[in-house]
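The values are calculated or read from the model by the stated rules, or taken from the named source; none is laboratory data. Since this is a predicted model, take the numbers as computed values, not measurements. Glycine gets a Cβ as well: all are built from the backbone with ideal geometry, and neighbour counts include every protein chain shown. Surface areas here come from the heavy atoms of the whole protein model, side chains and all, with no ligands, DNA or RNA. Shrake-Rupley method; radii C 1.70, N 1.55, O 1.52, S 1.80 Å.
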Amino acid sequence: QVHLVESGGGLVQAGGSLRLSCRAPRMIFSEYTTYTVGWYRQAPGKQREFVATITSGGRTNYADPVKGRFTISRDNSRKTVWLQMYGLEPEDTAVYYCAAGREASGQYDSWGQGTQVTVSS
């Protein structure tokens, strides 16, 4: 498993923006470049849901509710993935989790501790 560290959450008003970071400080570079990294979120009383993912080569995919508002990116040399969030809505309030997994496996095997995002109306 990979040690993932998330940061960047906080309280923001509706329409505002935040940028979340997911670092893998203990991974070696060559290993990191073989991993897909994704973001999930879990709102109170709801199941965890997919938000966005980015492959080692930079191919991205987004959940429909965040398309056009969120952007996922990565810098392999910094072993970091970011989730830039614009136009935040109260419905985006959740704990956001970073996940990582070997691209060849097609699944995530490591999760971060989560970072809280709260959007006030």
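Tell me, in nm to one decimal, what length is gained between residue 1 and residue 61 on full extension, where the rule is 0.36 nm per residue of separation less the Cα-Cα distance?
Full-extension gain reported as 19.3 nm.
What order do 111, 39, 82 take when sorted by accessible area (1.4 Å probe), most exposed first? Mind dumping the intermediate values first?
On the way: 111 100, 39 0, 82 30 Å².
Result, largest first: 111, 82, 39.
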### Protection proxy ranking, peptides 96-102, 59-65, average beta carbon neighbours within 10 Å, highest first
96-102, 59-65
### Query
Per q in 0.15, 0.27, 0.28, 0.35 1/Å, what log10 I(q)/I(0) does a Debye calculation on the alpha-carbon atoms of the range 80-121 return?
-0.49, -0.98, -1.01, -1.20
### Query
Given a 1.4 Å probe and the protein chains all in place, what does the accessible area of residue 11 round to, in Å² to the nearest 10?
130
